[in-house]
Amino acid sequence: MAEMNIERFITSCFKECVEDNAAAVADNSAQAGKRAVKLLRQKSAERTGAYKKGWKATVTTDETGAECTVHNRVYQLTHLLENGHKIKNQTGKTYGKVPGDGVIREVADQVAAEFAQMGGDGR
């Protein structure tokens, strides 16, 4: 009977540890998302300002962990601005190419490195 109580105690300790770690990962993911949004707003191209202000981070959690998605809620131009594109007129004639700015990749690499250094304790 005493063994059963020890097993329950150990099981509850493990569950508590897992829950604490999941909360820390979710918190670190949210912090990384906020940092990415801040950097993207600083470095994004600005014509009218709507693209720059449109960055948003969304954190979702489930039984497998936490995930932070950073996206632009205003425009679907992120692929074109990041990777560049051809300039065409209505007839399809190509007049050149606009180079990509690489801002999203740069920010993603920077925030990923910072997230890896955070570890589980949020520092």
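Read-outs: derived from the displayed coordinates by stated rules, not from any lab. Predicted model only: the values in this text are computed from it and were never measured. Reconstructed Cβ throughout: ideal geometry from the backbone, glycine too, with neighbour counts over all protein chains shown.
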Using +1 at the C-beta of Lys and Arg and -1 at the C-beta of Asp and Glu, which of Gln42, Met118, Gln31 has the Cα lying farthest in the positive direction of the dipole of the chain? Gln42
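Tell me the mean residue ellipticity at 222 nm calculated for the chain from its helices only (DSSP H runs of n ≥ 4, each -39500 (n - 2.57), averaged over every residue, nearest 500).
-18500 deg cm²/dmol
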Could you order the peptides 8-14, 21-27, 63-69 from most to least packed, using the average number of other C-beta atoms within 10 Å per residue? 21-27, 63-69, 8-14
Distant-in-sequence amide H partners of Gly84 (H built 1.01 Å from N, under 5 Å): Gly100, Asp101
Full-stretch length increase - Tyr75, Lys56 - with 0.36 nm per residue and alpha-carbon distance subtracted: 5.7 nm
Taking Cα atoms, how many degrees apart are the long axis of helix 2-43 and the longest axis of the chain, rounded to 10 and kept between 0 and 90? 20
In what sequence do Asp109, Asp62 fall when counting other Cβ within 10 Å, fewest first? Asp62, Asp109
May I ask for the angle, rounded to the nearest 10°, between helix 103-118 and the longest principal axis of the chain, with both axes built from Cα atoms and the value confined to 0 to 90°? 20
Report the percentage of all Cα-Cα pairs in segment 2-118 whose separation exceeds 18 Å, rounded to a whole percent. 64
Relative contact order for the chain: what percent, with Cα pairs under 8 Å and sequence separation of 6 or more? 24
Around Thr78: net Lys/Arg minus Asp/Glu count, Cβ-Cβ under 15 Å: +4
Given the pairs Lys53/Lys86; Lys38/Lys93; Lys34/Lys97; Lys34/Lys93; Lys43/Lys88; Lys52/Lys88, which are separated by over 30 angstrom at their Cα positions? Lys38/Lys93; Lys34/Lys97; Lys34/Lys93
Go through His71, Asn83, Phe14 and say which Cα lies farthest out towards the positive end of the charge dipole of the chain; charges sit on Cβ, +1 for Lys and Arg, -1 for Asp and Glu. Asn83
